[in-house]
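The values are calculated or read from the model by the stated rules, or taken from the named source; none is laboratory data. These numbers were taken from a predicted model, which means no experiment stands behind them. We place every Cβ from the backbone using ideal geometry, glycine too, and count neighbours over all the protein chains shown. Side chains are part of the model used for accessible areas, which takes the heavy atoms of the whole protein and leaves out ligands, DNA and RNA. Shrake-Rupley method; radii C 1.70, N 1.55, O 1.52, S 1.80 Å.
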Amino acid sequence: MVKAEKIKGRSILVVDDVMTTGTTAGECARVLRRAGAKEVFVATVARATKETASVMVMAAGAPAGGTQGHA
C-alpha cells in the first residue's frame, strides 16, 4: 500500500498490459487523484476490441452475439 503523502502533488504513470473497457484504469486514476496526485497518465500495451472478443467467443464455440440458444 502506497501512502497518500508519497502521491500528493506528483504526476503518476499507470501501466496496464491490456485495456478492455477502461474501467480498471479509470478506477486507478480516480483513487490516485483522490489521494492527491497532480495528474495521472495511463499507458497500455494492447487494447481489446469488440472484434477480438467476438473471435474469442467464436473460438470457444458460443455464438458471436453471446447468446446461447436464442435466435
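Report whether or not Ser54 is at pLDDT below 90, open to solvent by less than 80 Å² (accessible area, probe 1.4 Å) and among the polar types (S, T, N, Q). Don't jump to the end; show me each part of the working.
Numbers: at pLDDT below 90: yes; open to solvent by less than 80 Å² (accessible area, probe 1.4 Å): yes; among the polar types (S, T, N, Q): yes.
Here the answer is yes, as Ser54 does meet what is asked.
Among residues belonging to the range 9-34 that are assigned to a loop (DSSP other than H, G, I, E, B) and at pLDDT below 95, point out the one that is surrounded by the fewest Cβ atoms within 10 Å (Cβ to Cβ).
Going through the range 9-34, the residues assigned to a loop (DSSP other than H, G, I, E, B) turn out to be 9-10, 20-22.
Still in the running and at pLDDT below 95: 20-22.
Details: Thr20: 16, Thr21: 8, Gly22: 13.
Restricting to residues being assigned to a loop (DSSP other than H, G, I, E, B) and at pLDDT below 95, the top hit is Thr21.
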